[in-house]
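Visitor: This is the structure, below, for whatever I ask next.
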Amino acid sequence: MVNPSSTTTYSAVASLGGCTTSAQATVSVTEAILPNTEFDYGGPYCPSDTNPYPVVDPAFTAGGSFYSGSDLVVDVKKGTINLAASLPGNYVVTYSLEKQGCVSAGTGTAEVEILPSPGLQLPDHVMIAPGSSTFLFAGTASGFTWTPATGLSCVNCPDPVASPPETIEYCVIANEQLCFEVACVLVEVTCDG
């Protein structure tokens, strides 16, 4: 058995009963090909963003698997992150490639950050009697902007008191870090109810 480190030609000579013969054989050694397993996700991402795919080099070696911890939902074959099903946090995604012919095994990693959602908790509809008021609680995000300002005790707070003179729809934009969410509530001023 031979185990050359580079391409080598071997010769063999055999003699038997006065007859001699020879043969040559060349053993070609091909260096293993190192895979390209580099990728990136960019970000950070909000839960309502489009699910990100890994950004790969044109020479990226396909055929491996993507994985991360249980709080980040990653498609094993495509590497797509399901933002809505993942928890906020900082994660490392690993791409693992098994040996394929002359291509060596390899791994690559990329970091990705999922930001928290503003988490609006506003009802769709509230009924109040003429001349009365109601609290509108939108949640615990870090910033709020309510519109219109008519009949509201504040426009940049999570829980304004609404005292509209007539039925009105209030909308709020909530933000948490770089993520925004919008919700509206109809405050119906009525004698019924």
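Visitor: Measuring from centroid to centroid over Cα atoms, what is the spacing of the stretch 1-78 and the stretch 137-193 in Å?
Guide: Comparing the Cα centres of the stretch 1-78 and the stretch 137-193, I get a distance of 58 Å.
Visitor: Rank Phe137, Phe66 by accessible area, highest first, at a 1.4 Å probe radius?
Guide: Phe137, Phe66
Visitor: How much accessible surface area, in Å² rounded to 10, belongs to the heavy atoms of Thr30 with a 1.4 Å probe?
Guide: Approximately 100 Å² for this residue.
Visitor: Charges only on Cβ, +1 for Lys and Arg, -1 for Asp and Glu: so what's the dipole of the chain about the Cα centre, in debye to the nearest 20?
Guide: 1000
Visitor: A further question follows. From the Cα gyration tensor of the stretch 4-66, with a ≥ b ≥ c the square roots of its eigenvalues, which class applies: rounded if a/c is under 1.5, or else prolate if a/b is larger than b/c, or else oblate?
Guide: Prolate, because a/c is 1.5 or more and a/b exceeds b/c.
Visitor: Could you work out the relative contact order of the stretch 64-193? I mean the mean sequence separation of Cα pairs under 8 Å and 6+ apart, divided by the number of residues, in percent.
Guide: Value for the stretch 64-193: 21 percent.
Visitor: Glu98: accessible area at probe 1.4 Å, nearest 10 Å²?
Guide: Estimated to the nearest 10 Å², Glu98 gives 140 Å².
Visitor: Going from most exposed to least, what order do Leu178, Leu120, Leu115 have by accessible area with a 1.4 Å probe?
Guide: So, going from the largest accessible area down, we get Leu178, Leu120, Leu115.
Visitor: Which whole-number percentage describes the relative contact order of the stretch 1-148, with Cα contacts under 8 Å and a sequence gap of 6 or more?
Guide: 20
Visitor: While we're looking at this one, here's another question. Note the listed values (1) -0.61, -0.69, -1.30; (2) -0.72, -0.77, -1.14; (3) -0.55, -0.65, -1.29, then indicate which one is log10 I(q)/I(0) by the Debye sum over Cα atoms at q = 0.11, 0.12, 0.19 Å⁻¹ calculated from this particular structure.
Guide: Among (1) -0.61, -0.69, -1.30; (2) -0.72, -0.77, -1.14; (3) -0.55, -0.65, -1.29, the one calculated here is (2).
Visitor: With a ≥ b ≥ c taken as the square roots of the eigenvalues of the C-alpha gyration tensor of the stretch 1-109, please select rounded if a/c is under 1.5 and otherwise prolate if a/b is larger than b/c or oblate if it is not? Write down the numbers at each step before the final one.
Guide: On the way: a/c = 5.91, a/b = 4.69, b/c = 1.26.
Prolate, since a/c reaches 1.5 and a/b exceeds b/c.
Visitor: To continue, here is another question. Heavy atoms of the protein only, probe of 1.4 Å, neighbouring chains included. What is the accessible area of Lys99 in Å², nearest 10?
Guide: In the full protein context, Lys99 sits at about 140 Å².
Visitor: Also, quick follow-up: With every protein chain kept in the model, how would you rank Tyr95, Tyr53 by accessible area, 1.4 Å probe, largest at the top? Could you put the intermediate results ahead of the total?
Guide: Values: Tyr95 5, Tyr53 135 Å².
Accessible-area ranking of Tyr95, Tyr53, largest first: Tyr53, Tyr95.
Visitor: Below 13 angstrom from the Cβ of Glu169, what's the summed charge of the other residues (Lys, Arg +1; Asp, Glu -1)?
Guide: Within the 13 Å Cβ shell, the charges total -3.
Visitor: For the stretch 19-85, what relative contact order do you get, as a whole percent, if you take Cα pairs closer than 8 Å and at least 6 residues apart?
Guide: It rounds to 28 percent for the stretch 19-85.
The values are calculated or read from the model by the stated rules, or taken from the named source; none is laboratory data. Here the structure is a predicted model, which means the values were calculated and not measured. Every residue, glycine as well, gets a Cβ built from its backbone with ideal geometry; the counts of neighbours run over all protein chains shown. Areas reflect the complete protein model, heavy atoms only, side chains present, ligands, DNA and RNA absent. Shrake-Rupley method; radii C 1.70, N 1.55, O 1.52, S 1.80 Å.
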